[in-house]
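The values are calculated or read from the model by the stated rules, or taken from the named source; none is laboratory data. All figures in this text were calculated on a predicted structure; none of them were measured in a lab. Cβ sites come from the backbone with ideal geometry, for glycine too, and all protein chains shown count toward neighbours. Surface accessibility is based on the protein's heavy atoms, side chains included, excluding ligands, DNA and RNA. Shrake-Rupley method; radii C 1.70, N 1.55, O 1.52, S 1.80 Å.
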Amino acid sequence: MEDLHYARSANQFGEWETVAHHLCQVAAFSKNFLEPIGYGSWGEILGIFHDLGKEGELFQQVLHQKQEHVNHATPGAAAVYQIYGGKTSALLLASVIAAHHSQLNYIDPNTMTRILRGTGSRLDQNGNTFSLFGSDEWNDALKRWKAYGKPPKLSPGKPDFSQQEDRRLAQMLFVRFLYSALVDGDYCSSALHFDPEYLQRSQGPALDAVDAMEKLLQVQREKKERSTAAGALNRLRDQLFENCLAAASQEP
């Protein structure tokens, strides 16, 4: 097999996408998506590690249709957890990476330790084989990864939700922000490999906030006039709408 490792098979031009190109491109997308909330570096980390597991030979065999049922996401999660010291922030990032092709849950640190050390079963809970397992495979993949550059700094730290009344809800929404940034970045990168015009075609017109607000208010008026729902329910809907309008004047 060639020395280069690939993330995507050939497109219509016969071009295979390398793991390095894919990781760097997703890192750029995810960083851009999260910068408005001050967590661009987190997005960069998510992107640069999310498919590290594709550096394993098992995943390369998947691309050549010689292997199947290979889990490449969890090894990337284990890499983040290891490199960033097993902190709470690292666990959040690892959980998002592990879930970027599946269900969003907090990942068990013991699973990541098992992957890094190569102890116990190489299968995940669904019977899929981890693409990287044990120190030899891990070190080989890490050597390839280090060619991309130094790991981004994990800054700022995890938001402090302790003083918020709905702190569990706030943390859940923050994790979903991270998840959305990675999944969208991954999708954009993959789509571009097979369709170079994807971004140009998928971008809509610039937002005209005044026009959009006028249309929203018109829709609200029409709904109030035509609604056949119970009065109590409509009063709740109206109150929710007014609360949203009031919240718009607050700090982000």
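Of the helices (runs of 4 or more DSSP H) contained entirely in segment 53-130, not one carries at least 2 residues that are of a type in the set (A, V, I, L, M), touching a strand residue (DSSP E or B) at 6+ places or on another chain (Cβ under 7 Å) and open to solvent by 40 Å² or more (accessible area, probe 1.4 Å).
Among the residues of segment 131-155, which ones are in contact with a Gly (Cβ under 7 Å, 6 or more places away or on another chain) and open to solvent by 50 Å² or more (accessible area, probe 1.4 Å)?
Here is the first cut: in segment 131-155, the residues in contact with a Gly (Cβ under 7 Å, 6 or more places away or on another chain) are 131-135, 137, 141.
Passing the criteria: 135, 137.
Within segment 30-47, is there a residue that is over 20 Å from residue 192 (Cβ atoms), open to solvent by less than 10 Å² (accessible area, probe 1.4 Å) and among the polar types (S, T, N, Q)? No; the residues of segment 30-47 include none that is over 20 Å from residue 192 (Cβ atoms), open to solvent by less than 10 Å² (accessible area, probe 1.4 Å) and among the polar types (S, T, N, Q).
Tell me, yes or no, whether segment 165-179 has at least one residue that is in contact (Cβ under 8 Å) with a residue 60 or more places away in the chain, of a type in the set (Val, Ile, Thr), touching a Lys or Arg at 6+ places or on another chain (Cβ under 6 Å) and open to solvent by less than 40 Å² (accessible area, probe 1.4 Å). No: zero hits. Screening residue 169 with (1) more than 20 Å from residue 25 (Cα to Cα); (2) in a helix (DSSP H, G or I); (3) more than 23 Å from the chain's Cα centre (by Cα) gives one miss only, at (3). Of the residues making up segment 48-61, those that are touching a residue at least 24 places away in the same chain (Cβ under 8 Å) and farther than 21 Å from residue 26 by Cα are 57, 58. A search for C-beta distances below 6 Å between a residue of segment 20-47 that is farther than 27 Å from residue 3 by Cβ and any residue that is crowded, with 24+ Cβ neighbours inside 10 Å and of a type in the set (S, T, N, Q), counting only pairs 6+ apart in sequence or on different chains, returns 43/30.
Filter segment 97-134 for residues that are among the small types (Gly, Ala, Ser) and closer than 20 Å to residue 48 by Cα; which is modelled with the lowest pLDDT? Please lay out each step first, then the result.
Within segment 97-134, the first condition is being among the small types (Gly, Ala, Ser), and the residues that meet it are 98-99, 102, 118, 120-121, 127, 131, 134.
Those still in the list that are closer than 20 Å to residue 48 by Cα too: 98-99, 102, 131.
Details: 98: 96, 99: 95, 102: 89, 131: 96.
So the residue we want is 102.
The residues of segment 207-228 that are open to solvent by 100 Å² or more (accessible area, probe 1.4 Å) and closer than 30 Å to residue 192 by Cβ amount to a single one, 207. Pairs are defined by a Cβ separation below 7 Å, a sequence spacing of at least 6 or placement on different chains, a first member in segment 140-158 that is assigned to a helix (DSSP H, G or I), and a second member that is among the aliphatic types (A, V, I, L, M); the pairs so defined are 141/52; 141/132; 145/52.
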